[in-house]
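Asker: Below: one structure in structure tokens.
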Amino acid sequence: MNMSEDLKIESFKLDNGIKVFTSNLQNSQFISINIFVGAGYRDELKNESGVAHFLEHSMFSGTKRRKDNSVISYYIESMGGYINAITSMEYTIYYIKVPFENFISALDIISDMFINSTFSEKFINIEKGVILQELQHYKDTRYLDEKFSSFIYQDTALEGDIDNDINNLENINRNLLKSFISRCYSNDKISISVVGNISKYNVNTEIERYFGGINNNSNYKREEFKLKNDKGGIFLLNKNNLQESNIILSMRSLPFNNDYFYPLMVMNYIIGVGEYSYINRLLRFELGLVYSAYSYLIRYSDNGFFSIKANIDEKNIEKALMTLLRFLNDFKKGKFYEDDINRAKGFLLGGLLSNLETSEDIADKIVIENYYFGEPLKIINIKKSINKVNKDDILEIFNLIYKDLYLGILTPSRKNKEVYANIISDAN
């Protein structure tokens, strides 16, 4: 797809209120079907820690027609396709991709799973061991990220703690899974995207036939988000036998859908996305302080954070932190250039377009954007909005968010917080 083209997306609603999007890719050999549910980890009650993720796994437990997950896998792989799912803080997506001639069979399988999964106790008990291994893997590889997230979102629905999920595994059962579905998987939170070579099918009729019987009108609403610690803070974490330390420097940003959506993305790319980003050049290539340094945006429907993360030798933490803060203070004063902005825009556009190479990427884009913006975004409008961003826009958003810093540090040995508090204080 070149930058002048746009996706042709059709939308309609089933009689039960579920929203459906379709996009025909005439030259594709595949069709992707995504079932999106606007429910995730943050919708769990106190006794439900880990249930959203466990439910995602359990949708593959089997149905009356397909007795277990091995039967489901056999038929999908035999037709040349694959099926999977993903759970995030705010949503869950179940997706299947098959050669286009197998569309009806794929629709039959994924709808049967989504509507009729039996959640057998045998499957649940086996899957507890599988999920434990998965959680332990993420606990090891995302240790600081998980603990830091718990720190900044303390006592809110976004806190998310793998330890809590592990400890609650034994309490998860069929009734808890069904209760979560009943409360959170209501029709108004479900949308479906069908993308690929669909020209030979009457997709509207087929989707209505397979999903029209869903009837969940739960009136559940998420609690209003309130951040307990909104003035910044320092979080130190000690872990023995580390080969390197990690630091995360964060500041409160904006929700997913906001007036600074595009300037915020361009700002992020200038500061810390790509080999030529400022912090990568500064911390790695100029000073040799880190192996890896980058920035990223955490964005939810009602809040967000902008963060910088670096993998670093413990002896370099203080110098790297002082260097970062000096750079951020200079950035706040406008000490960056048009070449930086142009590079960021080009890299950002290239990344966005590379995520539209396949039917499953486009199917993801459609349902996620519908969730956060109320409709899928047109590529031509995205391109115009990014190209329109200027230096004043970037300075305005950065000056808005650059305050009340949060600092998380994972090291083999723990220093007094005052050391780092003084560095932050002196920089400001």
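Derivation of every value follows stated rules applied to the coordinates shown; laboratory data play no part. For clarity, every value in this text was computed on a predicted model and none was experimentally measured. Every residue, glycine among them, receives a Cβ derived from its backbone with ideal geometry; neighbour counts consider all protein chains shown.
Asker: Among the aspartates and glutamates, which have Cα under 19 Å from the Cα of K178 when same-chain residues fewer than 8 positions away are ignored?
Answerer: Here the aspartates and glutamates satisfying the reach criterion relative to K178 are D43, E44, E48, E56, D68, E90, D112, E121, E127, D165, E170, D188.
Asker: Further question on the same structure: Using DSSP to define loop residues, name the chymotrypsin sites (Phe, Trp or Tyr not before Pro) in the range 329-377 whose beta-carbon has at most 12 other beta-carbon atoms within 10 Å.
Answerer: Y337
Asker: Restricting to DSSP H runs of at least four residues, report the calculated mean residue ellipticity at 222 nm for the chain, -39500 (n - 2.57) per run over all residues, nearest 500 deg cm²/dmol.
Answerer: When only DSSP H runs of four or more count, the value is -13000 deg cm²/dmol.
Asker: Which three lengths, in whole Å and largest first, does the range 339-428 cover when its Cα atoms are put on their principal axes?
Answerer: Rounded to whole Å, the extents work out to 51, 33, 26 Å.
Asker: Considering only DSSP beta bridges whose two residues both sit in the range 9-211, what percent are antiparallel, to the nearest 5?
Answerer: 80
Asker: Here's another thing I want to ask about it. Could you work out, for the range 233-427, what percent of all Cα-Cα pairs fall into each 10 Å distance bin, beginning at 0 Å and stopping at the bin that holds the largest distance?
Answerer: Computed distribution, short to long bins: 8, 33, 34, 19, 6, 0.
Asker: Here's another thing I want to ask about it. Once the convex hull of the alpha carbons of the range 312-359 is built, what does its volume come to per residue, in cubic angstrom?
Answerer: Given the Cα convex hull of the range 312-359, per-residue volume reads 113 Å³.
Asker: Let me ask something else about it. Determine the relative contact order of the range 233-427: mean sequence separation of Cα pairs under 8 Å and six or more apart, normalised by residue count, in whole percent.
Answerer: Relative contact order for the range 233-427 comes out at 41 percent.
Asker: Another one. Ranking request for peptides 55-68, 228-241: highest mean number of other beta-carbon atoms within 10 Å first, then the rest in descending order.
Answerer: Order by mean packing, descending: 55-68, 228-241.
Asker: Arrange the peptides 48-54, 404-410, 152-158 so that the one whose residues have, on average, the most other Cβ atoms within 10 Å appears first.
Answerer: Top to bottom by mean Cβ count within 10 Å: 48-54, 404-410, 152-158.
Asker: Quickly rank 111-123, 192-204 as a protection proxy: mean count of other C-beta atoms within 10 Å, highest first.
Answerer: Ranking, from highest mean packing down: 192-204, 111-123.
Asker: Arrange M267, M322 by Cβ neighbour counts within 10 Å, fewest through most, would you?
Answerer: Neighbour counts put them in this order, fewest first: M322, M267.
Asker: Then there's this: Starting from the coordinates of the alpha-carbon atoms of the chain, obtain the Kirkwood hydrodynamic radius over all distinct pairs and give the value in Å to one decimal.
Answerer: Answer for the chain: a Kirkwood hydrodynamic radius of 23.5 Å.
Asker: Could you give the distance between the Cα centres of the range 80-153 and the range 1-65, to the whole Å?
Answerer: The two parts, judged by their Cα centres, are 12 Å apart.
Asker: Can I ask one more? Taking the DSSP beta bridges in the chain as the whole, what percent of them are antiparallel, to the nearest 5?
Answerer: In the chain, approximately 80 percent of DSSP beta bridges are antiparallel ones.
Asker: Can you give me the Cα centroid spacing of the range 184-204 and the range 228-290 in angstrom?
Answerer: Their Cα centres are 37 Å away from one another.
Asker: Please express the Cα-Cα pair-distance distribution P(r) of the range 210-283 as a list of whole percents, one per 10 Å bin, running from 0 to the bin with the greatest distance.
Answerer: Computed distribution, short to long bins: 11, 23, 30, 19, 13, 4.
Asker: Next up: Find which of L236, N399, I423 sits farthest along the positive direction of the dipole of the range 233-427, computed with +1 on the beta-carbon of Lys and Arg, -1 on that of Asp and Glu, about the Cα centre.
Answerer: I423
Asker: So what are the ³J(HN,Hα) numbers for the range 226-239, from phi and the Karplus equation (6.51, -1.76, 1.60; θ = phi - 60°), rounded to whole Hz, Gly and Pro as x?
Answerer: Here the 3J(HN,Hα) series is 9, 8, 5, 9, 9, 10, x, x, 10, 10, 10, 9, 9, 8 Hz.
Asker: Work out the charge dipole of the range 9-211 with +1 on the Cβ of Lys and Arg and -1 on the Cβ of Asp and Glu about the Cα centre, then indicate which of I207, S73, V37 is farthest towards its positive end.
Answerer: I207
Asker: Separate question: How large is ³J(HN,Hα) for each residue in the range 376-388, as worked out from phi by the Karplus curve 6.51 cos²θ - 1.76 cosθ + 1.60 (θ = phi - 60°), to whole Hz, x for Gly and Pro?
Answerer: Ordered by residue, 3J(HN,Hα) equals x, 8, 7, 4, 4, 6, 4, 4, 4, 5, 5, 5, 7 Hz.
Asker: With angles folded into 0 to 90 degrees, how steeply does helix 338-354 sit against the dominant principal axis of the chain? Use alpha carbons for both and round to 10.
Answerer: Tilt of helix 338-354: around 20 degrees.
Asker: Under a Cβ-only charge scheme (Lys and Arg +1, Asp and Glu -1), can you give me the dipole magnitude of the chain about the Cα centre, in debye to the nearest 20?
Answerer: Magnitude of the dipole: close to 380 debye.
Asker: Report the FRET efficiency, 1/(1 + (r/R0)^6), for R326 and I380, where r is their Cβ-Cβ distance and R0 is 41 Å, rounded to 0.05.
Answerer: 0.55
Asker: Using the Karplus curve 6.51 cos²θ - 1.76 cosθ + 1.60 with θ = phi - 60°, what ³J(HN,Hα) values do you get for each residue of the range 62-73, in whole Hz, with x for Gly and Pro?
Answerer: Each residue of the range 62-73 in turn: x, 10, 5, 7, 10, 5, 7, 5, 5, 5, 4, 4 Hz.
Asker: Here's something else I'd like to know. If I take every Cα pair under 8 Å that is 6 or more residues apart in the chain, average their sequence separation and divide by the length, what percent do I get for the relative contact order?
Answerer: 22
Asker: Just to verify a number: FRET efficiency for K417 and E121, C-beta to C-beta distance, R0 = 45 Å, to 0.05?
Answerer: 0.40
Asker: Identify all lysines with a Cα-Cα distance to K335 below 17 Å; exclude those on the same chain that are fewer than 8 residues away in sequence.
Answerer: Partners within reach: K391.
Asker: Given an 8 Å cut-off on Cα distances and at least 6 residues of separation, report the relative contact order of the range 9-211 as a percent.
Answerer: Reported relative contact order: 39 percent.
Asker: Same structure again: If one computes P(r) from the Cα atoms of the range 1-134, what percent of pairs lie at distances over 20 Å?
Answerer: Tail fraction, whole percent: 54.
Asker: Could you sort out which of K383/K403; K46/K122; K46/K226; K13/K97; K221/K365; K19/K46 sit more than 28 Å apart by Cα distance in this structure?
Answerer: K383/K403; K19/K46
Asker: Turning to a different aspect of this structure: Quick one: P(r) of the range 158-284 from all Cα-Cα pairs, 10 Å bins, percents rounded to integers, in order of increasing distance.
Answerer: Bins of 10 Å from zero give 7, 18, 25, 26, 18, 5 percent of pairs.
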